[in-house]
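A short worksheet on the structure shown next.
Throughout, read-outs are computed from the coordinates displayed, never taken from laboratory work. Nothing here was measured: the structure is a model prediction, and the numbers come from that model. Positions of Cβ are generated from backbone atoms using ideal geometry, with glycine treated the same way; all protein chains shown enter the neighbour counts.
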Amino acid sequence: MKECPKCHKQYDDKMSFCIADGEKLVEVQAPAPAPKEAPAAAQPMKECPKCHKKYDMKMSFCIADGEKLVEVQASAPAPKEAPAAAQPMKECPKCHKKYDMKMSFCIADGEKLVVVASPKPEPKPEPKPEPKPVPKPEPKPEPVAPVVPPPPKPAASAAPPKPAAPPKPAAPPKPAQSQPVAQPAPAPKPPKPKKPVDPKKKRRNKRLIIISSILLLLAGAAVGAYFFVYNATTYIKAAPGQVAVGKGGGTAKVAIDYDGYLWSVAEMPEWVEADKDGNEMTITVSPNTSGTSRVGSITLTSGKVSTQVNISQTGNVTHITPSVHSLTFHRDGGTQTFTIQTDGAIPTFECPDFLAAECRNDTVIVKATANNGNYRNGILVLKEDNIRTSLMVDQAGACPTCQGTGKVKCTSCNGTGRFTYGRSRINCVGCNGTGNANCDDCGGTGELEQ
């Protein structure tokens, strides 16, 4: 081999100059390859009889189990198997894809396969020993040749040749690196001493364990009670099971019969409210202003059993029935009330000028002003949707026939008070000669009430 004397980079014998420094290469002796080591003979070892872990002969106890080690013979390395002989294969002549001998056609191209010899496996190259690095020689001062004065040149004589430079000494070989020495297995660490337990902390932990156990027992009891109550009911019934309500809404009571421990309202429409009261439920239905009928249901549950109460509500009123057919007011006016039965909401009123009416729940309140004139009457009308109901209303006042005097002209004597028979004149018996008689319409009181 050849080597650069400046950077000590090694080259093949064909090279003459260093490609890094441009120095001329010098020949050096190539290091001899290290001889192959023979396989080491099986060495005796020690083994744990419990976990079968291998140890060096210097160890006496297993660091994992503490068992005493026993000596065993180490097994020799198994010889390497020879490579298998090359087997024939089939190949696609178009895509050159390899197949087993059982195949006849290529699955990609459909071409018929041909038999080819399988390539022999290349032998694995043995690892070459790495060349040992050669230590760099310390630079030595080059010897300086003594300066010799040139001799006088003789006439017509050639100049003497210059002396050649002495060759540079070859670099000494680098010492081989020392192999690392195997370290013995570390000895097992002694167990750490246990810290003393604080008695206060121990008591606190004990209390926490007791409290946690009690809470777990209570939670288990609650879960068991829930499942017991849930599975105890076998039936639940509601009477009546059908509730019909008018347009104006209303309330209804439903009796609940069941053999469980608890019952509840699971579902109900938005326009319905249900209140529990022991074994009874009160249903309240709001007025229906949609103009159409609507239906819904209330679902009752007790454990795993349920039942329903169906509710229907009309969208239009069907009747308005007052408790009276007429009203009579004194001349001084006043207030009178009566009730109505209806499946609607709140009716509206048409009434004479001297009356005012309003409805509160199912009660109608009618007010009349004082009458300073003659007797008067009118009709009070209650209406909702297409239903109308009317009442006759009278208010006392001066009799229009006698203008409140209670007297009218006697019809027998035509107000003269006398009858003439020939030459004689006789007082009227009907008016006693006054010419006035009591008004038949008001009975002589001058007022009419109805």
Legend entry - Listed peptides 357-363, 407-413 by packing density, highest first (mean Cβ within 10 Å): 407-413, 357-363
Inset, instruction - List, largest first, the extents of the alpha carbons of the range 226-349 along their principal axes, each in whole Å. - result: 74, 29, 18
Inset, instruction - Taking the Cβ of T307 as the centre, find all other residues whose Cβ is under 11 Å away and add up their charges (Lys, Arg: +1; Asp, Glu: -1). - result: 0
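Sorted by average packing, counted as other Cβ atoms within 10 angstrom per residue and highest first, what order do 216-227, 376-387, 282-293 take?
376-387, 282-293, 216-227
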Inset, instruction - Estimate the FRET efficiency between E273 and V324 by the formula 1/(1 + (r/R0)^6), using the beta-carbon distance for r and 45 Å for R0, to the nearest 0.05. - result: 0.85
Legend entry - Derived scalar couplings ³J(HN,Hα) [the range 310-320; Karplus, 6.51 cos²θ - 1.76 cosθ + 1.60; whole Hz; x for Gly, Pro]: 7, 10, 10, 9, 6, x, 9, 6, 10, 7, 9
Inset, instruction - Search the structure for amide H atoms under 5 Å from the amide H of V364, placed 1.01 Å from N in the peptide plane, and list their residues when 5 or more places away or on another chain. - result: F338, T339, I340
Inset, instruction - Could you please report the charge total around G417, scoring K, R as +1 and D, E as -1 over all other residues with beta-carbon less than 12 angstrom from its beta-carbon? - result: +3
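If the limit is 20 Å between Cα atoms, which of K2/K24; K253/K383; K46/K68 go over it?
Numbers: K2/K24 10 Å; K253/K383 29 Å; K46/K68 10 Å.
Distance filter (> 20 Å) returns K253/K383.
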Inset, instruction - For a quick protection proxy, order the peptides 313-325, 389-401 by their average other-Cβ count within 10 Å, most packed first. - result: 389-401, 313-325
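Assuming 0.36 nm per residue, please report the length gained on full extension of the stretch Y261 to R360 beyond their Cα-Cα distance. List each step's numbers first, then the result.
Working: separation 99, 0.36 × 99 = 35.64 nm, distance 4.13 nm.
Answer, rounded to one decimal: 31.5 nm.
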Legend entry - Cross-link pairs K276/K304; K367/K407; K90/K112; K247/K276; K237/K304 - those with Cα-Cα distance over 21 Å: K367/K407; K247/K276
Inset, instruction - Compute the distance in nm between two label points, each set 7 Å from the Cα along the Cα-to-Cβ direction, one at I346 and one at K367. - result: 1.6
